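Note sheet for the following structure.
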Amino acid sequence: MCGIIGYTGKKNARKVLIDGLRKLEYRGYDSAGVSILHDGAITTVKSSGRIDALEEKIGGEVPGVTGVGHTRWATHGAPNDRNAHPHISGDGRFAIVHNGIIENYESLRAELSAGGVCFKSDTDSEVVACLLEQYYDGDFKSAVYKTVGRLEGSFALGIVCADCPDRLFAVKNMSPLIVGVGEGENYFASDVTAFIAHTRDIISLRDGDVAEITSGSVTVYGPDGEEVEPARSVVTWDVEAAEKGGFDHFMLKEIMEQPRALEATIKPRVKNGKIAPEGLDELDISKVSRIVIVACGSAYHAGVVGKYVIERLCRIPTTAELASEFRYSDPIIDENVLVIAISQSGETADTLAAMREAKSKGARVMSIVNVVGSSVANLSDNVLYTWAGPEIAVATTKGYTTQVAMLYMFAVWAAVRLGKITEARERELTQTIMTLPERVQRSIDLNPKIEEMSKKYHTYKTPFFIGRNFDYASCLEASLKLKEISYIHSEAYAAGELKHGTIALISPDELVIAYCCHEALYDKMMSNVKEVKARGARVLAVVKEGCERIMSEADDVIYVAETDPLFMALTQIVPMQLFAYYVAKENGCDIDKPKNLAKSVTVE
Ligand code: F6R
């Protein structure tokens with residue numbers, strides 16, 4: 001994970017770097033540091049803790065208009081001052097910031113130590129600074145290439161050299177890195193949010209690219225050191241979209257933004273009452289014998305919803321697989337399998353690895369991604385962007401719901417092409433999809449009620465989420481939301497499984513949150529609700545509007561807007577996003593930056 005930034009221009013680098021690091025803090029926040037170039041020397045300040053601690057340690061002004069910065073999520077070495085980045089070469093000439101993992105760092109460290117190098121940290125990253133020193137003969141670019149040639153693993157690097165004022169090198173290999181092009185100033189960062197306040201003109205680097213950046217120029221070289229055409233584009237969202245906009249937390253803002261985000265996902269893809277996603281022209285769905293969805297965390301939960309919808313509408317056998325498991329399972333994949341990778345950040349290492357595994361076996365890989373130009377997008381044969389806008393809170397909300405909406409649209413599109421649904425049904429489903437933003441708004445309107453309920457239930461220690469089928473998929477996501485931001489352990493259980501062992505845990509101290517929105521399985525769910533009630537548990541039920549029967553069984557009820565049974569997963573997750581948010585708030589948790597987590601998981 002980790003966030004890196006680099007700047008060279010006319011402004012004071014300290015301020016630009018600190019402001020940028022604050023925007024990147026979601027990527028990791030256990031320590032931070034900056035290196036600033038001035039008068040042929042590099043000043044470096046590093047601190048454990050957050051950016052505030054770093055700023056305090058820096059104290060007053062630091063002169064210099066060129067520098068690099070880093071905010072860390074520890075992988076190798078404890079989160080302390082010593083292991084914080086930037087790392088400096090022994091001769092003090094080079095400062096580097098690194099995001100990713102240098103997989104062969106142990107052998108490089110042994111080699112460098114044998115040559116007399118004394119390491120100052122426990123990190124894998126420090127070898128980069130030491131190699132630069134070893135290979136430097138007055139030619140900065142050549143030292144960068146020789147160093148990069150020795151590295152294995154994933155890395156985004158930012159490098160400054162004391163001999164070269166007004167010059168930075170940025171290197172990308174399987175970790176995110178974007179260059180921001182300004183007027184008389186240039187930037188690089190792990191994410192555009194770090195410099196969006198200054199420029200929206202960007203260059204997306206490809207794996208193996210090296211960018212040489214001065215205040216007046218950006219030159220991009222390919223893996224062989226030859227200049228290549230830079231991939232330029234303009235970011236369409238602005239700084240406002242990346243700010244909290246009056247909300248206490250990004251998470252709440254992003255929950256509230258869901259209707260708008262869903263509209264951005266859905267509207268441009270409906271033409272003349274039909275679903276017309278861009279970028280699927282070369283995908284011949286009739287040749288697809290099986291679909292495998294690969295993703296991690298919440299994106300995997302979106303995949304579970306997708307599996308149910310695709311199978312029901314298209315009758316293509318579909319599985320949702322955890323990307324981190326898939327790649328090691330020697331999966332049975334061939335060219336007739338369509339692999340769908342789902343990722344908000346587009347940089348999740350496990351998802352990328354699963355995609356590579358699938359591609360190596362001949363599969364076509366389609367992705368559902370939010371971040372434009374991300375590694376997942378670049379690796380895909382077909383890309384469907386969710387266009388949800390920047391998601392800053394570590395716990396995903398609009399990222400998840402827009403992924404689910406995109407899967408709905410894909411399923412309808414594919415079902416039409418396969419002749420599995422009539423034109424009338426296509427129109428009906430398309431119209432219903434168009435109404436989803438408004439229905440999600442109705443779930444958001446439950447906000448005051450959910451806040452009230454969270455006050456009642458925030459002390460329960462191990463809530464159980466139970467549901468069947470689509471409702472079970474929502475349980476997985478609702479339980480993860482609660483766990484990750486409130487640190488309350490919870491279980492998501494397929495309701496029918498309770499009696500196979502777990503019901504032993506149900507007692508009068510337990511809260512059971514029962515999703516009973518799937519109409520066809522309502523009676524079965526009622527039996528499960530009765531079973532837990534009989535053992536004294538309190539039951540909070542989530543049901544469709546108008547379902548009165550539940551009143552006699554549940555202690556509390558949340559009513560969500562009804563929609564086609566295929567699409568309920570979207571409206572029904574929102575109250576539990578809010579519930580997790582308010583429980584975490586009641587419990588005084590750091591909601592946007594939960595402990596031990598990071599927004600973009602670029603390590604396996
Ligand atoms: C949970 C959450 C994570 C991500 C997972 C995949 O709220 O955000 O579980 O869903 O790390 O991330 P992406 O979608 O960026 O691949």
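For region 101-124, name all the residues that are closer than 15 Å to residue 150 by Cβ and open to solvent by less than 10 Å² (accessible area, probe 1.4 Å).
Correct list: 102, 108, 112, 124.
What residue, among those in region 321-373 that are free of Cβ contacts under 8 Å to residues at least 12 places away in the same chain and within 22 Å of residue 308 (Cα to Cα), is nearest to the ligand (Cβ to nearest atom)? Explain how you work it out, then say what you get.
Step one: filter region 321-373 for residues free of Cβ contacts under 8 Å to residues at least 12 places away in the same chain, giving 325, 328-330, 332, 360.
In the following step, the residues that additionally are within 22 Å of residue 308 (Cα to Cα) were identified as 325, 332.
Numbers: 325: 14, 332: 24 Å.
The selected residue is 325.
What residue, among those in region 27-65 that are in contact with a helix residue (DSSP H, G or I) (Cβ under 8 Å, 6 or more places away or on another chain) and in a helix (DSSP H, G or I), is most open to solvent (accessible area, probe 1.4 Å)?
Filtering region 27-65 for residues that are in contact with a helix residue (DSSP H, G or I) (Cβ under 8 Å, 6 or more places away or on another chain) and in a helix (DSSP H, G or I), the one most open to solvent (accessible area, probe 1.4 Å) comes out as 55.
Show the residue pairs that are 6+ apart or on different chains and have beta-carbon atoms under 9 Å apart, the first residue being within region 23-40 and over 24 Å from residue 592 (Cα atoms), the second being hydroxyl-bearing (Ser, Thr, Tyr) and open to solvent by 10 Å² or more (accessible area, probe 1.4 Å).
Taking only residues 6 or more apart or on different chains, the pairs are 35/43; 35/44; 36/43; 36/44; 37/43.
Does residue 166 qualify as being open to solvent by 20 Å² or more (accessible area, probe 1.4 Å) and acidic (Asp, Glu)? Show your work before the answer.
Numbers: open to solvent by 20 Å² or more (accessible area, probe 1.4 Å): yes; acidic (Asp, Glu): yes.
Against the criterion (open to solvent by 20 Å² or more (accessible area, probe 1.4 Å) and acidic (Asp, Glu)), residue 166 qualifies.
Looking at region 377-387, is at least one residue open to solvent by 50 Å² or more (accessible area, probe 1.4 Å), among the hydrophobic types (A, V, I, L, M, F, W, C) and within 30 Å of residue 281 (Cβ to Cβ)? Before you say what the answer is, go through the steps one by one.
Keep residues of region 377-387 that are open to solvent by 50 Å² or more (accessible area, probe 1.4 Å), which gives 378, 381, 387.
Subset that is among the hydrophobic types (A, V, I, L, M, F, W, C): 387.
This time we only want the ones that are within 30 Å of residue 281 (Cβ to Cβ), so: 387.
The answer is yes, given that some residue of region 377-387 is open to solvent by 50 Å² or more (accessible area, probe 1.4 Å), among the hydrophobic types (A, V, I, L, M, F, W, C) and within 30 Å of residue 281 (Cβ to Cβ).
For region 254-291, give me the residue count where each residue is within 16 Å of the ligand (Cβ to nearest atom) and among the aliphatic types (A, V, I, L, M).
Looking only at that region, the number is 2.
Looking at this structure, is residue 219 polar (S, T, N, Q) and surrounded by fewer than 22 Cβ atoms within 10 Å (Cβ to Cβ)? Let's see the steps before the verdict.
Numbers: polar (S, T, N, Q): yes; surrounded by fewer than 22 Cβ atoms within 10 Å (Cβ to Cβ): yes.
So residue 219 passes the test.
Where in region 421-525 are there strands (runs of 3 or more DSSP E), lying wholly inside it, with at least 1 residues that are in contact with a Pro (Cβ under 7 Å, 6 or more places away or on another chain) and in contact (Cβ under 8 Å) with a residue 12 or more places away in the chain? Steps first, answer last, please.
Details: elements: 464-467, 491-494, 511-515.
Hits in region 421-525: 511-515.
Of the residues that make up region 574-591, is at least one part of a strand (DSSP E or B) and of a type in the set (A, V, I, L, M)?
Going residue by residue through region 574-591, those that are part of a strand (DSSP E or B) are none.
Within region 574-591, not a single residue is part of a strand (DSSP E or B) and of a type in the set (A, V, I, L, M).
Take region 385-399 and flag every residue that is aliphatic (A, V, I, L, M), touching a Phe, Trp or Tyr at 6+ places or on another chain (Cβ under 7 Å) and either part of a helix (DSSP H, G or I) or more than 8 Å from the ligand (Cβ to nearest atom) (or both). Break it down into steps so the answer makes sense when it comes.
Pass one, region 385-399, residues aliphatic (A, V, I, L, M): 388, 392-395.
In the following step, the residues that additionally are touching a Phe, Trp or Tyr at 6+ places or on another chain (Cβ under 7 Å) were identified as 392-394.
Hits for region 385-399 are 392, 393.
Residues being open to solvent by 10 Å² or more (accessible area, probe 1.4 Å), in contact with a Leu (Cβ under 8 Å, 6 or more places away or on another chain) and more than 14 Å from the ligand (Cβ to nearest atom): count how many of those fall in region 492-521. Spell out the reasoning first.
So the first thing to find is which residues in region 492-521 are open to solvent by 10 Å² or more (accessible area, probe 1.4 Å), and the list is 492-494, 496-497, 499-510, 518-521.
After this cut, where a residue has to be in contact with a Leu (Cβ under 8 Å, 6 or more places away or on another chain) as well, the list is 492, 506.
Still in the list and also more than 14 Å from the ligand (Cβ to nearest atom): 506.
Within region 492-521, residues that are open to solvent by 10 Å² or more (accessible area, probe 1.4 Å), in contact with a Leu (Cβ under 8 Å, 6 or more places away or on another chain) and more than 14 Å from the ligand (Cβ to nearest atom) number 1.
Does region 293-306 include one or more residues that are in the same structural domain as residue 354 (by TED's automatic domain parsing) and more than 16 Å from the ligand (Cβ to nearest atom)? Show your work before the answer.
So in region 293-306, the residues in the same structural domain as residue 354 (by TED's automatic domain parsing) come out as 293-306.
After this cut, where a residue has to be more than 16 Å from the ligand (Cβ to nearest atom) as well, the list is none.
The answer is no; no qualifying residue exists.
The values are calculated or read from the model by the stated rules, or taken from the named source; none is laboratory data. Please read all numbers here as calculations on a predicted model, not as lab measurements. Neighbour counts are summed over all protein chains in view; Cβ atoms, including those assigned to glycine, are modelled from backbone coordinates with ideal geometry. Areas reflect the complete protein model, heavy atoms only, side chains present, ligands, DNA and RNA absent. Shrake-Rupley method; radii C 1.70, N 1.55, O 1.52, S 1.80 Å.
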